[in-house]
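> One structure, as structure tokens, below. Some questions next.
The numbers here are math on the coordinates, done by the rules we state, and not lab data. Quick caveat, the model's predicted, so the values are computed rather than measured. So basically every Cβ, Gly included, is an ideal-geometry build from the backbone, and we count neighbours across all protein chains shown.
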């Protein structure tokens with residue numbers, strides 16, 4: 001089949017309904033037309049249209065190894081540094097279409113699945129069938145250009161107890177039984193973002209204890225979101241049905257987050273990749289380098305987001321004429337440093353790329369790891385700078401209807417003008433800044449970036465434990481040993 005168009009993506013969305021609940025109501029009509037999902041569905045469709053456009057074919061696709069048809073470059077198994085750079089170019093194009101505000105664009109998990117399938121022998125350690133399963137699934141998703149979501153986290157009930165020791169052993173999704181057709185799963189997982197995907201990856205994330213009682217929580221599999229018994233419970237939508245003028249980001253990129261409930265869901269054997277082996281589940285990401293390739297995509301997205309914020313901040317400065325103040329210049333310089341630092345991380349990761357044990361050209365993990373440990377602190381600061389520059393101007397912003405009201409327009413044109421911009425243009429810019437830094441959508445984006453890869457404190461602890469500090473310590477020891485320690489009584 002090869003790459004899909006946006007129309008094909010939307011048709012697939014409507015033809016394969018899923019049990020999706022929002023605000024106490026189950027969606028029974030076409031998902032692509034529901035007020036909570038239609039705008040972001042169109043934004044995802046625009047990504048597919050851009051990719052399918054023959055004018056972008058060289059940047060966005062490569063010939064399928066199976067059919068020769070063009071497939072997304074996000075599925076490319078890189079063999080050279082040039083392959084990595086080429087795949088990055090595809091990711092940059094998609095990220096720039098959303099300004100980095102569509103955090104779960106399909107290329108994120110495509111990179112994950114590519115790495116997993118390239119390391120297929122890893123899964124054979126659990127069961128020889130699983131090696132073929134992960135390869136075939138990767139090819140299926142690639143050839144049908146599917147969008148994936150994933151769920152990694154267990155419900156927040158009692159964080160002081162293990163999964164098996166919760167008051168309800170089926171609070172966290174676990175294996176109920178094995179059957180001739182597959183495994184039965186009961187319980188819940190969070191946090192599935194982009195429920196308008198085609199399929200869901202259900203993979204381990206946190207450390208699984210290697211005990212018999214925790215074995216039922218150790219697994220990895222994939223399912224269509226339309227699978228019977230699979231229920232998605234959405235949070236409140238942050239797309240309030242306002243225009244692109246009033247909510248320029250929330251009305252386009254509200255990608256939604258869900259709790260996933262498994263009501264005795266059958267997972268066919270061909271969709272199972274790991275089963276009841278906590279040790280292998282804990283080794284999954286480091287041994288396959290999936291996290292490295294996912295992070296490569298994420299940092300590309302972060303660059304687009306930081307660049308977009310730099311553009312917004314710079315336009316605010318120009319619009320209201322504050323560029324002469326040194327504290328303003330310092331704030332813009334801070335954003336510039338954030339942009340260029342993220343770029344440097346990607347450049348360093350690609351320059352230091354090496355072929356891994358599976359024959360995949362893999363970016364250097366250290367720069368990417370530092371990048372993912374840095375951005376959770378950088379992004380809230382970028383938002384804070386927008387708040388500081390916009391100040392009260394972010395609160396006193398008329399709506400599109402205000403501008404259209406004849407009785408108000410003369411006053412708006414007079415009192416909302418800026419030094420270098422007429423009122424309507426100033427208002428449009430400040431509504432965009434408000435949607436980044438003040439709105440509910442913007443608040444979700446900040447929380448999302450804080451915890452994209454998990455608890456920043458735990459991530460810092462993992463960085464501390466894994467980073468090789470011995471060469472630096474030895475260098476200091478050698479320096480110290482050049483100067484003998486004084487001995488009492490000896491001149």
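> May I ask you to derive the relative contact order of region 289-470, considering only C-alpha pairs under 8 Å and at least 6 residues apart, and to give it as an integer percent? Don't skip to the end; give the middle numbers.
Details: 175 pairs, mean separation 45.0, N = 182.
Reported relative contact order: 25 percent.
> Note the full-extension length gain between residue 50 and residue 21 as 0.36 nm times their separation in residues minus their Cα-Cα distance, in nm to one decimal.
Extra length from residue 50 to residue 21 when fully extended: 7.4 nm.
> Run the numbers for residue 414 and residue 466: contour at 0.36 nm per residue of separation, minus the present Cα-Cα distance, in nm.
12.8 nm
> Say each of residue 86 and residue 42 gets a label point 7 Å from the Cα, pointing the same way as Cα to Cβ; how far apart are those two points in nm?
Placing both labels 7 Å along Cα→Cβ, they lie 3.5 nm apart.
> Under the rule a/c < 1.5 gives rounded, and otherwise a/b versus b/c splits prolate from oblate, where does the chain land using the Cα gyration tensor?
Note, shape of the chain comes out oblate.
> How much length would be gained if the chain were fully extended between residue 69 and residue 140, taking 0.36 nm per residue of separation minus their Cα-Cα distance, in nm to one decimal? Don't skip to the answer; put the middle values down first.
On the way: separation 71, 0.36 × 71 = 25.56 nm, distance 1.36 nm.
In short, 24.2 nm is gained.
> Where does each of 112-119, 409-416, 425-432, 379-386 land if you order them by average Cβ count within 10 Å, highest first? The partial results should precede the final answer.
Details: 112-119: 23.8, 409-416: 13.4, 425-432: 21.2, 379-386: 19.1.
So the order, starting with the most tightly packed, is 112-119, 425-432, 379-386, 409-416.
> Order of 147-153, 167-173 by packing, highest average Cβ count within 10 Å first?
My ranking of the peptides, most packed first, is 147-153, 167-173.
> Right, something else. Counting DSSP beta bridges in the chain, what percent are antiparallel, to the nearest 5? All intermediate terms of the calculation are to be shown ahead of the outcome.
Details: 34 of 42 bridges.
Antiparallel: roughly 80 percent of the beta bridges in the chain.
> Using a Förster radius of 22 Å, what is the FRET efficiency between residue 5 and residue 244 based on their Cβ-Cβ separation? Nearest 0.05, please.
So the FRET efficiency works out to roughly 0.50.
> Modelled label-to-label distance, residue 96 and residue 334, 7 Å Cα→beta-carbon offset: nm?
According to this spin-label approximation, the distance is 2.8 nm.
> Roughly how far apart, in whole Å, are the Cα centres of region 306-379 and region 1-31?
Computed from Cα coordinates, the inter-centre distance equals 35 Å.
> Using R₀ = 45 Å, calculate the FRET efficiency as 1/(1 + (r/R₀)^6) where r is the Cβ-Cβ separation of residue 30 and residue 168; round to 0.05. Don't skip to the answer; put the middle values down first.
Numbers: r = 35 Å, r/R0 = 0.78.
According to the calculation, E is roughly 0.80.
> With each pseudo-label sitting 7 Å past Cα toward Cβ, what's the residue 266-residue 447 distance in nm, one decimal?
If labels sit at residue 266 and residue 447, their model points lie 3.8 nm apart.
> Which whole-number percentage describes the relative contact order of the chain, with Cα contacts under 8 Å and a sequence gap of 6 or more?
Taking the mean separation of contacting Cα pairs over the length of the chain, I get 16 percent.
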